[in-house]
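The values are calculated or read from the model by the stated rules, or taken from the named source; none is laboratory data. Everything numeric here is computed off the predicted structure, so don't read it as measured data. Using ideal geometry, Cβ is built from the backbone for each residue, glycine included, and neighbour counts are taken over all protein chains shown.
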Amino acid sequence: MVACWLSLNSVAHADAPGRFDYYLLSLSWSPQYCASEARPGDSQCRRPYGFVVHGLWPQHERGWPKDCGQGEWLSEALIARMLPIMPSRPLILHAWKKHGVCSGLGAERYFDAVERAYHGVRIPARYAAPRDYLSLAPATLEADFRALNPALKPEMLAVQCSGNYLRELRICLDRQLQPRACGPEVRDRCGKQAVLRPSRP
């Protein structure tokens, strides 16, 4: 799950670490990744995950920072700590190098923020580990999340699809990890229906 699926149509900025406007929390639908992107033996696809953390990405109001430096090495203990919510070692390493360094935080503080952002979002029970395909309007998925997370407003989240299949849910957070409106480039990229593959090993 190394590819970041950055589909925002803008020119990325080169920035010093810590120069950004807000965070984008990307929650990937793991069954879709395992059906389309996984490599043989991928540890993520051995368990029936639903939504997992794809990343916590620093964003500009338009575009996103990049080329922020190499950053420190990640300890094995830190990687192991993150695996329950980011269930792929290559993903964790990639997320730090490409996005985490741009936060301006050290590795421990950045991944603390990832954990706080993830645990700050309540995931509706119907998406925990469905055994059958679900087909629903993207607006329904967003409404389900807003019902459990009253601070979320329609302009604060976006659904992303790959063809007809749900790929990820994006939630915009301010630098204190509180929900905020997304920039103009973060928007729904699905048709009328989003199909969720079942969660199974």
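Kindly indicate which of TYR133, TYR118, TYR127 is touching a residue at least 60 places away in the same chain (Cβ under 8 Å) and over 20 Å from SER36 (Cβ atoms).
TYR118
Out of the residues in the range 40-70 that are out of contact with any Cys (no Cβ under 9 Å at 6 or more places or on another chain), without any contact (Cβ under 8 Å) to a residue 60 or more places away in the chain and of a type outside the set (A, V, I, L, M, F, W, C), which is surrounded by the fewest Cβ atoms within 10 Å (Cβ to Cβ)?
PRO40
Of the residues ALA128, ALA77, ALA107, which is among the hydrophobic types (A, V, I, L, M, F, W, C), over 26 Å from GLU185 (Cβ atoms) and crowded, with 16+ Cβ neighbours inside 10 Å?
Going through ALA128, ALA77, ALA107 in turn, just one is among the hydrophobic types (A, V, I, L, M, F, W, C), over 26 Å from GLU185 (Cβ atoms) and crowded, with 16+ Cβ neighbours inside 10 Å: ALA107.
Output the residues belonging to the range 142-201 that are assigned to a helix (DSSP H, G or I) and under 14 Å from the mean Cα position of the chain (by Cα).
Within the range 142-201, just MET156 meets the criteria.
Being over 22 Å from TYR165 (Cβ atoms) and modelled with pLDDT of 90 or more is the filter here; which residues of the range 18-53 pass it?
Within the range 18-53, GLY18, ARG19, PHE20, ASP21, TYR22, TYR23 meet the criteria.
For residues that are within 14 Å of LEU141 (Cβ to Cβ) and among the charged types (D, E, K, R), tally how many sit in the range 171-196.
Total satisfying the criteria: 3.
Looking at ARG180, ARG200, which one is in contact with a strand residue (DSSP E or B) (Cβ under 9 Å, 6 or more places away or on another chain) and touching a residue at least 60 places away in the same chain (Cβ under 8 Å)?
ARG180
Please enumerate the residues belonging to the range 131-189 that are small (Gly, Ala, Ser) and under 16 Å from GLY55 (Cα atoms).
ALA158
For the range 84-115, what are the residues that are in contact (Cβ under 8 Å) with a residue 24 or more places away in the chain, under 19 Å from GLU37 (Cβ atoms) and among the hydrophobic types (A, V, I, L, M, F, W, C)?
ILE85, MET86, LEU91, ALA95
Look through ALA16, ALA38 and report the one residue that is farther than 30 Å from ARG122 by Cα, of a type outside the set (S, T, N, Q) and not in a strand (DSSP E or B).
Of the residues listed, the single one that is farther than 30 Å from ARG122 by Cα, of a type outside the set (S, T, N, Q) and not in a strand (DSSP E or B) is ALA16.
Filter the range 41-93 down to the residues that are part of a strand (DSSP E or B), more than 15 Å from the chain's Cα centre (by Cα) and within 22 Å of ARG116 (Cβ to Cβ) and list them by number.
Passing the criteria: only PRO65.
Considering only the range 155-165, I want to know if a residue exists there that is of a type in the set (A, V, I, L, M), farther than 26 Å from ALA38 by Cα, surrounded by 19 or more Cβ atoms within 10 Å (Cβ to Cβ) and at pLDDT 95 or above.
Yes, the range 155-165 contains a residue that is of a type in the set (A, V, I, L, M), farther than 26 Å from ALA38 by Cα, surrounded by 19 or more Cβ atoms within 10 Å (Cβ to Cβ) and at pLDDT 95 or above.
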